[in-house]
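Have a look at the structure below before the remarks.
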Amino acid sequence: MKEITLPRLELQGALLLAKLAQKVKAVIKDRLNAEFYWCDSQIALTWIRGPPTKWKVFISNRTQQIQPLTDVKDWYYVKSASNPADLVSRGITIGQLVGNKKTFWINGPEFLVEGDYPQDQIDENRKAPEEKVKSVSVATANVTPIDDYIAKFKYHNSFKKTRRHFALVKRIIENWKAKSPTWKRRGISNKYLSGAFTPQELNEGTKLIIQIMQQQEYPTELAVIQRGETINKGQFEHLNPTMQNGLLHVTGRLSLAELPLTHKTPILIPKSHPFAKVIIRYIHERNFHCGLELVMSEFRWTYWMRNLRKVAEGVINKCVKCARARPRRLQQHMGQLPRARVNPSSAFTHTGVDLCGPFEVLLNYRSKTKTTAYACIFICFSTKAVHIEVVENQSSGAFISALLRFTSVRGTPDTIYSDNGRNFVGACRELSELRKVYNNQATMTFPRRAFQTSL
Ligand SMILES: [Zn+2]
């Protein structure tokens, strides 16, 4: 059980007294000239005289009851020595009670008889316990640019939204300046901005974002550069950073190149800042979810970042749309290889043929007239030997001539494989007709070996 403190008990007693006095006053009514309430607890008196809202619930409830019943100015402090109640609360021997304290106990303190009432007031500003702790909400605004507002706004996860956000902040400031009489007095008159953001405002928003990113990640280096010194150490080695228009730019070795200034001295983007990935994702999405090389090329047109390839690769790999659109290769079961490919045989016994070209060639060594030609390639299936013949066009006749030259050198193949090119199909048909004529008994005037073609 929670123990009630002595000042609280004193307050309870004061409340009891106030209620009792109320009843007494109701009886004696007009015969009452003045009221005096004494209490030997300064803390309880401070509670009674103070506003109830100042105290905790227990104290506040009781003082709220006491104050309507009595006038707080009638409450006085009395020393414990003049309080007969203390004889009981502090303890007293029987001898003392029937002896020298008898009158005090029965008649009360002497000032009641004499009429010289103690009217000791308490200090108004006295501190008392059980004061309610006030909770005060204080809004603080730190205007130093080192605060990472971009990281706070990373829930946007969108370059466009954040850029508009900062463009709006800039516009509000500009509009405030336009309205401000101080600025007008200085002779600086701005136009009041409204409506859609202009490209210039959006660029200002982007600049503000990058400025905060750089201040967040490179505070020491910025301070050094702003002092006019140069840094060529650590991660800034070879970068030769310079301050241009409030932003940190990288000065490479392209100063003399005839390129736009943004390309020669790109803006330095800190790779460790979370918004760097948002910028890369914006470039990737703006270019219709393009690949790594294009993202890097677009990025480097204006910005420069350490380990760009690695960061950009990570961003593209995490792109949901790209992952959904990425085609999955079919895993086909390969068929059996043909017999001619897997069994040993003489060179060009089984031959594949195809044309490649056209190529521009001179008609002869000294001629300046150019014409087109094709290369007819014969490949042995088993040895992978290659024989190349030149053909002047894609006709069947030209192929048959090339075949004749080929067979003259390499011998007649058992099988020739080709695609369904017109020249091959035509040559096959012509050779088949020739075989029919050659094998026809009516045309045979003397015995000869049977002519076979298998094309
Ligand atoms: Zn994508």
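Here, each number is a calculation from the coordinates, and none is a lab measurement. Every value quoted in this text rests on a predicted model; they were computed, and no experiment measured them. Neighbour counts run over all protein chains shown; Cβ positions are idealised from the backbone, glycine included.
General observations
- Net dipole in debye of region 149-324 [+1 Lys, Arg Cβ; -1 Asp, Glu Cβ; about Cα centre; nearest 20]: 760 debye
- Only beta bridges with both residues in the chain are counted; by DSSP, about 75 percent of them are antiparallel.
- Free-standing Cys, the chain [no other Cys Cβ under 4.7 Å]: Cys39, Cys290, Cys356, Cys376, Cys380, Cys428
- Ranked packing of 389-400, 334-345, most packed first, by mean Cβ within 10 Å: 389-400, 334-345
- From most to least packed by mean Cβ count within 10 Å, the peptides 80-91, 47-58, 307-318 give 47-58, 307-318, 80-91.
- With the convex hull drawn around the C-alpha atoms of the chain, the volume per residue stands at 518 Å³.
- Mean separation of Cα contacts under 8 Å, 6 or more apart, over the residue count of region 224-295: relative contact order %: 16 percent
- Burial order of peptide ranges 258-268, 105-115, 22-32 (average beta-carbon count within 10 Å, highest first): 258-268, 105-115, 22-32
- Rg and Dmax of region 340-439, both derived from C-alpha coordinates alone, stand at 14.9, 48 Å.
- Value of relative contact order over the chain, rounded to a whole percent, pairs C-alpha under 8 Å and six or more apart: 7 percent
- Taking every DSSP helix (H) stretch of at least 4 residues in the chain, weighting each as -39,500 (n - 2.57) and dividing the sum by the residue count yields a mean residue ellipticity at 222 nm of -13000 deg cm²/dmol.
- Rounded to whole Å, sorted largest first: equivalent-ellipsoid semi-axes of region 1-70, Cα gyration tensor: 24, 12, 11
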